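Q: One structure, as structure tokens, below. Some questions next.
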Amino acid sequence: MNNFHILKKSADIIKYTGDLVLKEIKSGQKVTVIFPNRRPVYFLSQYISGIYKSAADSIKMFSIDDFIDTCWESSDAAIFYPYAKINPAEAIFLLFDLNKNPEINLIKDAEKLDVFMPWGYKLFGDFEELLIEMTDPSSCDAIIAERINPDSNLQNFSDKFAKFSKMYKSFYETLVKSGFTSRSYRYKTFAENIDANITPNPDVFSSVINGRVILAGFYGITASEAVIFKNLLKNNGFGGENQTLIVSKTGASVADFSSKIGLKPPSGGNITMKDEEYKNRENYGKLSEVKELTKVTEFTEESELNGINFYFNKVSSVHNEIARLKEIIDKSVQKLSSKDLIVLSKEDYLFPLIHNVLNSLDKGDYNISIGYSLNRTPIYTLFNLLSVVHGRKKYDKFYAKDYASLFLHPYVKNISGKLQALPQYRFDAVQTRTIFQAIESYIKKNKILFISVKEIENAVLPAISLSEDSVKAYIGEMHRLFISNFENIENIKDFIEKIVKIIDAVSHNSSADKHPYGSKFIESALKAVMEFDATNFGHYKFEGVSGYFNLLKNLLKRQKVPFKGTPIKGLQILGPLEARNINFDRIFYLGANEGVLPDVSKENTVLTEEVRRFLKLPDAGESSKIQEYNFFNLVSGAKEVYLFYNDSSRSEKSRFVEKIIWNIQKTTKNLKEPKEINSAFKINFNPAEPSPIKKTGEVKDYLCGIEYSAAKLDTYLKCPSMFYYRYVLNIRESGDIGEDIDAAGIGSVIHSVLNEYFKVFEGREYIFSSLEKEKIKIGGILNEKFNDRGSMVLNLQKKQILTALNLFIEKRAKDLAGVKITGAEYPLEGAVTVKLADGCERAIKLMGRSDLIIEKNGEHFIIDYKTGASLTCPDKNFIPAAENRDEWLKNVKSVQLPFYIIIYSACKSVGHSNITAKLWGIKKNEERKVDLKDVNLLNAYAKFIGMLIEDIINSENFDFVKKEPYKKKICGFCSYSVLCGRI
């Protein structure tokens, strides 16, 4: 019998291998089957047990990794060290210590472990690849050095590669001395000793290998695997002649694969066994359930694709893909089974799939087998927030934003029940959430940028009426758990113990386990830190807290959350590698885009593509070939294949999809592309026209009783609906807790500084001493009002504010010399009589506050500071009237200055002809002014204010702005656009 069985791509390698196994068992033989990955083992086991239930004692099945580990750990041979596999984090510590040696100091400027760690992970990956490929980089040192001109820019690379080689050698020497092995070390050592005939008699492997060995589904193999397979084929002590079979599918490089293992492919590369071997049913005895092996005839890849129904789905986003997939599955009359596969090319698809497609299925109806990165989960976010809080702490104070983000994390704010440290109290989750939300509201209201634990416990809690003993005890315990515990860290072991306490609190006292996968996330995080806690590096110390948290994040971000289900039952959700060597009837392939399929991205330290080719290591081209081989093997075995991809200016369909399309075009002899279903969401982004808001009698009564300011009238002038949301419903943006001061905050600081600066002259003449002295005064007031707390961002903003104020004083102070300061932050009051809808008249109170009022030579000037870019005043040539109502917004723009003149004139009995209202722009040192010395203009604006208020009270609806360009200008920056429906 031929040792090398090459199947066509559409062949079912599980069934074919299973039939080979059953044939051997029937003849009294035992069999060991080895696959590249673990999942085919489950399917082969199901296939065999479904036909021959008593076959279990006669067959052993492994993935190649499991086989090597089992051989290694079962052997008592002296050549194999009984050492555990090192985990990547432990490997990083060994590399870090080696990197301190000047002779092999490969990574410069990485004296701190947390800085070295990202590089260490890359180095460990490179070293493992070199080892499993049985490549010694030092053998190329001299050649590389010889080929590089000492004067060239590449001399540095030669030196770097030499250090790389030395570190590689030293690392594996240190690895064994430290009592560890690694995956690649086991492979290479196993391969070398088999090849050198050092491996002892078959008794050593009798507990691992049963009789004939079948290597099924291999293609792109490493150098170590090639040596192992070659020697298994030679039967170095494993039994009788021809005891090892290779079962593989054809591919472009099948000749390379066969030569690696010392075999020549069968003639033509298409016939697996002699025809008579297929026809001879006697080999199967009475096992009639065993079906005859299908003959493999000559074929081409194109011919295998011809019988498959391909469906091409063009989408615009991940969620679009999931929506289209759900639509297809919902319309399908065929029930989902283990013969259906959803391939997730990226983990981005997992939770959209779970929540939108799998949510309608019972958990037993599907199996997920894909790792999900822990750094995409809430538990990682929690520790990242904790890291930020401690990493940006200054002078015992935290950024208020960081503090609020941490304690409002869902896992933290819901820590409740009986806490281990506070057995005398029991806390409700609603109560604990309320506590932290109240603290956040206080911080926002008071625009606090920095805050300390003491301030929260001693000042904030009493201020928000939460001073009960139980609340104080709860906040104190939370601060201890998340804050004070990390103020003094002895070493890594101490740090991990403190992290475990947080994990325990989250696990036992929060709502994390109420999320369907919350427990999985927490278990994975705990596993990552506990595995590291078991290492020999707990004594290591970092200089600062950031080093510990960087270590933690590096540990967590490389941890995968396992999703395990029933491996052979129901709809299968797998990654591309997990789907190898299994045939499915229907395949839904998500993310079939170039750059993802194939995925050839690789971050290299020293092993660039050129160096890889020089060392004869697999490069990007080889990786692409292997992915192509796996992809076409997968789709060739299906009846229906649904391909989903984003084809746009930023993304394009995979070259493998293009190859399928080209094959269809060649087969149909038609260059027209196959039908492509454009599944992009049909979305209309035109803003919806909101409905007017009807006024109730209660609302009208309320509008009659409130005071009206210029700001309220300006808001109504812009958009009546905005007025309704802001001043009737009193809905305001809560704003974010920032690391800096927003535009409104900067305006508030400037107004506060100028108010205090002019307040000392209130009721008397302003005295200007000298520009320098006035600037010193301004600077002193600003220092009192604005504490930058050592923040570079705030310090920069403070300097910008001071510059603007100094320019303002420079321009205005001399002009103000000799004027009387009537008032700063001066209150204004007035009234207007309006006619209500029922014909009655009502006096409505008017209120205002001018930033500054001055008098000079009998003239009164009302000043309002503006810190924004634009100064908005009415058109001086426009007289508002009922007849030109449609022009009010365009020409009046803002009623503020006329409003101030009218009520100031009334309350101070000052003639309107002696009053001028001005806007002083701080940003550009500009000025705009308005006067109502024309009696017609005065009367028009007095009437205009009355008309506006009458409209506010009497109209049946709060309407909305309709005209362009005001609709775009106003709605585009409106906080209420979502509420009114115009988004």
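The values are calculated or read from the model by the stated rules, or taken from the named source; none is laboratory data. Not measured: the values here are computed from a predicted model. All Cβ positions, even for glycine, are placed from backbone atoms using ideal geometry, and neighbour counts span all protein chains on display. These area figures cover heavy atoms from the full protein model, side chains too; ligands, DNA and RNA do not enter into them. Shrake-Rupley method; radii C 1.70, N 1.55, O 1.52, S 1.80 Å.
Q: Would you point out which residue out of 905, 894 is closer than 20 Å to residue 827 by Cα and in a loop (DSSP other than H, G, I, E, B)?
A: The match here is 894.
Q: Could you grab the pairs with beta carbons closer than 6 Å, sequence gap of 6+ or different chains, first residue in segment 171-196 and on the phi < 0 side of the Ramachandran plot and free of Cβ contacts under 8 Å to residues at least 40 places away in the same chain, second one among the hydrophobic types (A, V, I, L, M, F, W, C) and open to solvent by less than 40 Å² (accessible area, probe 1.4 Å)?
A: Correct list of pairs: 195/227.
Q: Would you be able to tell me the number of residues in segment 423-471 that are among the basic types (Lys, Arg) and closer than 20 Å to residue 510 by Cβ?
A: 2
Q: Just one of the numbered conditions (1) in contact (Cβ under 8 Å) with a residue 40 or more places away in the chain; (2) surrounded by fewer than 17 Cβ atoms within 10 Å (Cβ to Cβ) is not true of residue 772; which one?
A: All conditions pass for residue 772, except number (1).
Q: Looking for something touching an Asp or Glu at 6+ places or on another chain (Cβ under 7 Å) and on the phi < 0 side of the Ramachandran plot - is there at least one such residue anywhere in segment 961-979?
A: yes
Q: Quick one: would you say residue 341 is open to solvent by less than 10 Å² (accessible area, probe 1.4 Å), modelled with pLDDT of 95 or more and under 30 Å from residue 506 (Cα atoms)? First the steps, then the outcome.
A: Details: open to solvent by less than 10 Å² (accessible area, probe 1.4 Å): yes; modelled with pLDDT of 95 or more: yes; under 30 Å from residue 506 (Cα atoms): no.
For residue 341, the condition - open to solvent by less than 10 Å² (accessible area, probe 1.4 Å), modelled with pLDDT of 95 or more and under 30 Å from residue 506 (Cα atoms) - is not met.
Q: Condition first: farther than 18 Å from residue 554 by Cα and in a helix (DSSP H, G or I). Now tell me which residues in segment 484-501 satisfy that.
A: 484, 485, 486, 501
Q: Determine which member of the set 806, 795 is assigned to a helix (DSSP H, G or I) and either modelled with pLDDT under 85 or within 41 Å of the chain's Cα centre (by Cα) (or both).
A: After ruling out the rest, the residue left standing is 795.
Q: Give me a count of the residues in segment 1-31 that are among the β-branched types (Val, Ile, Thr), farther than 30 Å from residue 586 by Cα and in contact (Cβ under 8 Å) with a residue 60 or more places away in the chain. Spell out the reasoning first.
A: Just the residues of segment 1-31 that are among the β-branched types (Val, Ile, Thr), to begin with: 6, 13-14, 17, 21, 25, 31.
From what is left, the residues that are farther than 30 Å from residue 586 by Cα are 25, 31.
If we keep only those that are in contact (Cβ under 8 Å) with a residue 60 or more places away in the chain too, we end up with 31.
Residues meeting the conditions: 1.
Q: A follow-up question, please. Quick check on segment 595-609. Is at least one of its residues within 29 Å of the chain's Cα centre (by Cα), in a helix (DSSP H, G or I) and not hydrophobic (A, V, I, L, M, F, W, C)?
A: No, because not a single residue in segment 595-609 is within 29 Å of the chain's Cα centre (by Cα), in a helix (DSSP H, G or I) and not hydrophobic (A, V, I, L, M, F, W, C).
Q: Within segment 439-453, which residues are without any contact (Cβ under 8 Å) to a residue 40 or more places away in the chain and surrounded by fewer than 16 Cβ atoms within 10 Å (Cβ to Cβ)?
A: Matches in segment 439-453: 445, 446.
Q: Moving on. Go through 639, 616 for me and flag whichever is more than 33 Å from the chain's Cα centre (by Cα) and at negative phi.
A: Going through 639, 616 in turn, the sole match is 639.
Q: Filter segment 397-453 for residues that are β-branched (Val, Ile, Thr) and either part of a loop (DSSP other than H, G, I, E, B) or not assigned by TED's automatic domain parsing to the domain that holds residue 384 (or both) and give the result.
A: Scanning segment 397-453 gives 415, 448.
Q: Can residue 817 be described as free of Cβ contacts under 8 Å to residues at least 60 places away in the same chain, over 56 Å from the mean Cα position of the chain (by Cα) and closer than 23 Å to residue 717 by Cβ?
A: no
Residue-by-condition table, conditions (1) in the same structural domain as residue 732 (by TED's automatic domain parsing); (2) among the hydrophobic types (A, V, I, L, M, F, W, C); (3) open to solvent by 60 Å² or more (accessible area, probe 1.4 Å):
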position: 912; (1), (2), (3): yes, no, no
position: 921; (1), (2), (3): yes, no, no
position: 936; (1), (2), (3): yes, no, yes
position: 947; (1), (2), (3): yes, yes, no
position: 969; (1), (2), (3): yes, no, yes
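Q: In this structure, is residue 477 assigned by TED's automatic domain parsing to the domain that holds residue 542, open to solvent by 30 Å² or more (accessible area, probe 1.4 Å) and part of a helix (DSSP H, G or I)?
A: The answer is no for residue 477.
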